[in-house]
Amino acid sequence: RSLVAAMIAFLVSIVYTYFFRETWYYSIAYFFILYFLIKMIPTKHRGIIHTVKFSIVFSIGVLAMLNIFTRLGNIENILWFTIIFSSYNLHLVLDRI
């Protein structure tokens, strides 16, 4: 759970830095605030984030963030969605073993 909280906080900080370069140093504070807020949310390890529905939402979210930094074509979007979606679902399958 700590790793997920750190990853989400890091991604939000990166997006903030991308859009607000003049005040990039605020992203450090946002990272720590968001990290501790996410860690305080009570969740089970195999809760909502271990579902196929979440993997779809997660894949779309990561693809949207990827498109912020790079402009991908339709075929590249489909390819990256497939890679992200299948990787996340492979994690779900291996987690059940």
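Just a few scattered comments:
- Tabulated pairs, the range 38-49, first within 13 Å of Asp95 (Cβ to Cβ), second modelled with pLDDT under 75 and surrounded by 11 or more Cβ atoms within 10 Å (Cβ to Cβ), C-beta under 9 angstrom, 6+ apart or interchain: His45/Arg1; Ile49/Thr43
- The residues listed here are Ile60, Ile48, Ile84; of these, the one that is of a type outside the set (Lys, Arg), closer than 22 Å to Phe10 by Cβ and either at pLDDT below 85 or in contact with a Pro (Cβ under 7 Å, 6 or more places away or on another chain) (or both) is Ile48.
- The range 1-32: number of residues that are under 14 Å from the mean Cα position of the chain (by Cα), more than 18 Å from Val62 (Cβ to Cβ) and either in contact (Cβ under 8 Å) with a residue 60 or more places away in the chain or loosely packed, with under 13 Cβ neighbours inside 10 Å (or both): 1
- Counting only helices (runs of 4 or more DSSP H) that sit completely within the chain, those holding 1 or more residues that are among the charged types (D, E, K, R) correspond to 26-40, 52-69, 74-96.
- Selection within the range 71-81: residues that are open to solvent by 50 Å² or more (accessible area, probe 1.4 Å) and at pLDDT 85 or above. The member of this set that is nearest to Phe54 (Cα to Cα) is Phe81.
The values are calculated or read from the model by the stated rules, or taken from the named source; none is laboratory data. Note that the structure is predicted; figures quoted are calculated from it, not measured. Counting neighbours? That spans all protein chains shown, and the Cβs are built from the backbone with ideal geometry, glycine included. Surface areas here come from the heavy atoms of the whole protein model, side chains and all, with no ligands, DNA or RNA. Shrake-Rupley method; radii C 1.70, N 1.55, O 1.52, S 1.80 Å.
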